[in-house]
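Quick notes on the structure that follows.
Bear in mind that the values in this text are calculations on the coordinates, not laboratory data. Just so we're clear, the structure is a prediction, and the values are computed from it rather than from any experiment. Here the Cβ positions follow ideal geometry from the backbone for every residue, glycine too, while neighbour counts run over all protein chains shown.
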Amino acid sequence: MELGLDVEEKNGATVLAVRGEVDVYTAPRLREKLVELVSQGKYKIVVNLEGVDFLDSTGLGVLVGGLKRLRSHDGDLTLVCTQPRILKVFEITGLTKVFAIHDTVDDAVAG
Amino acid sequence: MDPVIELEIPARAEYVGLARLVVSSLASGRRALPEERIDDLKLAVSEACTNAIEAHHEGDVEERVLVRCAEAEDRLEVSIQDRGKGFDPETLPEHPPVTDPERLNFERGLGIPLIRTLVDEVTFEPSSQGTAVRMVMYCDPALELDVDIDHIDHIDLTGLDEA
């Protein structure tokens, strides 16, 4: 199962575009990428979930861990997501109150 | 007898996607299960299989996880059976409220609440032989009827014209 992880810098933020399915098999790669970015001093990260077909609680856990890591550096991790099936997972778990979720990358970068 | 489909997967992370695919494909064949509900079931299966596979990490990783789907007229039942030490979901620690900064210390433990929300019925049956998670999705007979009417609309009537 492929997990695409593409990084680009945009107006002072690091945008991590995720593609594919995020589950117990692929989530460790997402975690490694977030850890790597933080270790490079990237403390403002936007995770773009628009290319994600599936996300379960393992993926949520990685994002929660990433947010915690960034907050410890006075940074932030925000999300881009408009897909109802993915948003639903955040809504059920109440994590819409933990993450800032934007409709576009531009909004997230500006936020 | 209602049709039953069984899939045995190695207790390894790379096979969770296969279990999701099989169950969602089977559920897609049920016209009375709308797409949104199939997505719910797919996520619940992923959570249950993840727990099942993690239950084996303390023991023999060559053990297998059994995914069993039983179709009845009004429901689809999916059970996930592992051979771990037995897991009681009632012993899960409660998460702090999401607005509490301490919430960020909890990366795990969301799978069981998700399953409980996503499926119509769920039971957890832990024993010393492992844990069985049985999930039920009820079908909506009204949807079955809608599809049947569509089907009737597409019957070829050219033969009747000739008569």
To the nearest Å, what is the center-to-center distance of region B:71-111 and region A:14-38, using C-alpha atoms only?
22 Å
Of the candidates B:V78, A:L3, A:T14, the farthest towards the positive dipole end of the protein assembly as shown (Lys/Arg Cβ +1, Asp/Glu Cβ -1, centred on the Cα centre) is A:T14
Charges at C-beta only: +1 for Lys and Arg, -1 for Asp and Glu. How large is the resulting dipole of chain A about its Cα centre, in Debye rounded to 20?
420 debye
Could you tally the net charge around B:D2, taking each other residue with its Cβ under 10 Å from the Cβ of B:D2, Lys/Arg +1 and Asp/Glu -1?
-2
I want to check the label-to-label distance for A:R19 and B:S28. Put each point 7 Å from Cα in the C-beta direction and report it in nm to one decimal.
2.1 nm
First select every other residue whose beta carbon is under 9 angstrom from the beta carbon of A:E2; then total the charges, Lys and Arg +1, Asp and Glu -1.
0
What net charge is computed for the residues neighbouring B:R134, neighbours being all others with C-beta under 11 Å from the C-beta of B:R134, Lys and Arg scored +1, Asp and Glu -1?
-2
Charges only on Cβ, +1 for Lys and Arg, -1 for Asp and Glu: so what's the dipole of the protein assembly as shown about the Cα centre, in debye to the nearest 20?
1560 debye
Can you pull out the trypsin sites (Lys or Arg not before Pro) in region B:1-89 that DSSP calls coil and that have at most 14 other Cβ atoms within 10 Å?
none
Give the cross-link partners of A:K97 among the lysines, using a straight C-alpha distance below 28 Å as the criterion and excluding same-chain residues fewer than 8 apart.
A:K10, A:K33, A:K42, A:K44, A:K68, A:K88, B:K42
